[in-house]
Structures are given as structure tokens and as C-alpha cells.
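Visitor: The structure's right below; bear with me while I get my questions together.
The values are calculated or read from the model by the stated rules, or taken from the named source; none is laboratory data. What you are looking at is a predicted structure, and each value in this text was computed from that prediction instead of being measured. Here the Cβ is made from the backbone with ideal geometry for all residues, glycine too, and neighbour counts use every protein chain on show.
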């Protein structure tokens, strides 16, 4: 497997003050449920993302508690009212010490 | 006597008409387009639900885009020997933007067809000193995804290369050959019964317009070779090796069968 | 049976929190219990205000797009605090819990979930005034034509 964790963040451009925009985030993760048998019949251990958070300039604006029933390569979309430009920090945590962080700008005119 | 012959004749005519109707009502006949309105080919995209079609179309939601972006990054990345794909092929890859539409091609060096994934793999070994990965290796898959994305909207080309003809013919023979414990041939489902249902799912015609594909069944991206392997295992036959002549022949045939159809980029399929 | 008839939309007031329409399978006791556990001491979840959008017929249960929209002004005084999704017949009933704030501007979320089999999926919203609202949908899940094994 490629070593870098891949994530895809979509933040709309040309956002005006007061607009409510949709932020979309996908992260590459197998989301192994812990219920599947391997080729020898034993259970493949659980390995999932358990928490997703988004902060705008340090203030939490969205979070998700994630269970195995979320599909592989988990995708979340949520709304955000754009008041002023700022920095969005998106973080994922999961089993086996999984941690990933993406930073992107929200540009508001 | 005349009446009996007439009745028999009428019955035969009726049987003929019914047979013709049932044939017309079943899967569309396939083959190269023979004229305006004659192309009855459908992509698997058309057989999907609106929700999955929307998922494929939206680059901000299509899970395959994870690989496309990775492929774009790999294109620029320098290998241990200091070289990169971009170094030879250009930073934006414009010179290879139609590569996904043109492969497989006949490779004079090996005297066999060469798929795009095979070429990427070989190029990386020869020029970047990277290890062999196979079509579904992590980096080859990502680069294949990026090139498929670049070729989105282009028609699948049918190279006129006469050297590919025997491979095409062999591929078509395999397509029509029954195999496995289920004793099924590809064409029985994907030509004759495309549009009908198997276990609640619509049987697609099986055109490779969107490879590599994010298949929900795999929860991952995979190559056409992976899909063909899955199909062959599905009829309980022994799959061909990835670099076997049969695998190459089938791919050449399937591409020819789909010649002219539009490349979808990285598709989503159930 | 048309697909539309497979969609179960709970209607009615508080007394029909888990009421069902005519000739429909009731939500399983385990699901009712899981939902009540999440809803807490609030009155039983009421139908309305929440809309769970999910295809009634799913070709593959591995990745099912869903979206949940809740009618709410999303002001400090009146907003959605949490949106939760449960399934009825997955090995585990919890799917995801979203935490919202007024800054979201709209109580709308989307994700992709896994469905092990045909079953009910329930989306619930907990509002800032403590009330809990829900929407349940009955989903048919089919499989890929060729099982690779």
C-alpha cells in the first residue's frame, strides 16, 4: 500500500459572507468491521476510523462518532455558515493509533 | 388437405414470428455500429441506480478520486534514481492524456499486446528503478486511475494494427467459450442476457469504459484484469494468470467490442 | 410490489413514535431499545422534521449514500445538537453520530453507510430544546450478480 494517507477535501471557492457552504471530506481507510472472516475462517480484527472532527480557527464546528457501519473510505459532508476567512483543520482518529490531519483555507469575501 | 397444410403453414409462421419477437425482446445485439441508430451498446453506468450514477459523476464524492489524486502526485514524484514520470512525459502529462483510450497496443519488443497498466509497470521498472507491481499494485493502480481520468470523455480507440487481429480473435473465442463448473460463457450473460437480471442485479453488457473502477463489492479500486478474474471465479473456473495470453486476448477483444464508447474516467460500480 | 410501497414513513404524534403503517413489519425490539438508549429520558422520538434520504433499492450494501436534513433555523436558541443513524439488522446497530453547532447554518449531513441486508434505517435528531425527532426508511438490498467468493 502507498505510505501516505490520502484524503480529499472539498471547500467551495468564491464564498460570500453569510453563505452556507457544504464541506466534503473523504479519507482512504479500509474500515475493517471486525465481523469479516479471513480466508481461514478467523475474524479479521476491527480497524476503523472512530472519530472525525473539523475546527475553524480552533473552534469545533463539526464532529462525527464513527462506527463500523460507515463505508470504507469514509465520506462526510456537512454545512458551514461562512462568516469570515479562516483555517479549517480536519482530523481523523481511529483504531491502532490511526491519526490524520488536513489543513485547508476557507476564503470568504 | 389444403386446410391442414394451411393450418400447419400458419402455425409455422406464428412460431417463426414468436421466435423473432422473443429474440427482439431479449438482449440487444452487439457488434460494431453499422449505422446511425444501430449502436445498442450500453455502459454499465446506464444500468446503475440514480444514486450511484450521481456518486460516479461527482469528483468531490467519487471514492476513486482518492486514487486519481494519488496518481497525480506520483506522476511528479522522483524515484530513488532522481527521475520521475513527469521528467519524460511532461509535468501535466498532456502528451499521454489519451493513453487510456489507445491501449492495449501491440508491443513490438515482446510481440504481445501491452495494456496501459503493463506499460506503466514496465516504464517504472526500467526508467525509475521501481519494483514490479502488477496492474493492481498500489502505485500502478493510482497512476492508471489518473490516466483514465485524463482520458475521460475520449472514445475508446480500436487500433487498426493487423498484429492485434489474432489476439482479438482469440479473445472473442474465449468470450464465447463455456467454462467452469457453471459451464457459462461470457457472451451468454453479457451479450444474450444483458439487461435481464441475475439474483436481483441487472446484467451489464460488460464494456470496459470506466477502468480502473471503484467497485463497491471490493470496497476499493481495481483493474479490468481484476474484474475479469472475479467473473471467471464467479463461474467457478480457474482464472488465467495476469500476464497470460488469455488475459491479454480477452482485454484486446473487450476493448474492440467497446470501440467508440466514451471513457468515463474512474467509474463506480456495484 | 412497487418500491415506493417499501418506503416506511412514520407519521402521527407522540403516541405513534414507533407506530407502523398497515401491513408493515414493526421495527425490531433491539432497534427500539437502541434508539431509546440514545434518546435518553426525552419523550419517545417523534416523527417529523427529519428527512433521511436513501435509495429504496440498493445494488450493493457496501457503500450506500445517505443524507439527513433537519428543519432548523440553526440559531443559538434553536438548533440541532446531534444527528444519529441506526440500522436494524447490521451486526451492530449504531452507524454514526454527528455533532452540530449553530455555525453549521443548516442541519444537513451526508455520508455512505454499510447495510448487511434489507432492513430499516432510522435517522434521529436531538434539538437544543431536548426534543428528539426521527425518520425511518425500509431499504431493499440486493447483491452483485456474480459472487466472487
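Visitor: Within the range B:201-221, which residues are within 11 Å of chain C (Cβ to nearest Cβ), part of a strand (DSSP E or B) and surrounded by 21 or more Cβ atoms within 10 Å (Cβ to Cβ)?
Guide: B:214, B:215, B:220
Visitor: Output the number of the condition that residue A:26 fails; it satisfies all remaining conditions of (1) without any contact (Cβ under 8 Å) to a residue 24 or more places away in the chain; (2) under 12 Å from the mean Cα position of the chain (by Cα); (3) closer than 25 Å to residue C:69 by Cβ.
Guide: Only one criterion is unmet by residue A:26, namely (1).
Visitor: Let me ask something additional. Which of the following residues is over 25 Å from residue C:123 (Cβ atoms), touching a strand residue (DSSP E or B) at 6+ places or on another chain (Cβ under 6 Å) and either surrounded by fewer than 16 Cβ atoms within 10 Å (Cβ to Cβ) or touching a residue at least 60 places away in the same chain (Cβ under 8 Å) (or both): A:57, A:38?
Guide: A:57
Visitor: Out of the range C:66-98, which residues are buried (at least 17 other Cβ atoms within 10 Å of the Cβ) and within 7 Å of chain A (Cβ to nearest Cβ)?
Guide: Selection gives C:87, C:90, C:94, C:95, C:96, C:97, C:98.
Visitor: Restricting to the range A:80-109, give me the number of residues that are over 14 Å from the mean Cα position of the chain (by Cα) and within 14 Å of chain C (Cβ to nearest Cβ).
Guide: 8
Visitor: Out of all the residues in the range B:117-147, which are surrounded by 17 or more Cβ atoms within 10 Å (Cβ to Cβ) and either touching a strand residue (DSSP E or B) at 6+ places or on another chain (Cβ under 9 Å) or at pLDDT below 95 (or both)?
Guide: B:118, B:119, B:135, B:136, B:141, B:142, B:144, B:145 - these are the residues of the range B:117-147 that are surrounded by 17 or more Cβ atoms within 10 Å (Cβ to Cβ) and either touching a strand residue (DSSP E or B) at 6+ places or on another chain (Cβ under 9 Å) or at pLDDT below 95 (or both).
Visitor: Follow-up question, since we're still on this one. Does residue C:58 count as surrounded by 16 or more Cβ atoms within 10 Å (Cβ to Cβ), at pLDDT below 95 and over 13 Å from the mean Cα position of the chain (by Cα)?
Guide: When the stated conditions are applied, residue C:58 passes them.
Visitor: I'm checking my understanding of the structure. Among residues of the range B:225-238 that are surrounded by fewer than 23 Cβ atoms within 10 Å (Cβ to Cβ) and more than 10 Å from chain C (Cβ to nearest Cβ), which one is nearest to the chain's Cα centre (by Cα)?
Guide: Residue satisfying both the conditions and the ranking: B:228.
Visitor: Can residue C:51 be described as within 12 Å of the chain's Cα centre (by Cα), surrounded by fewer than 18 Cβ atoms within 10 Å (Cβ to Cβ) and more than 14 Å from chain B (Cβ to nearest Cβ)?
Guide: yes
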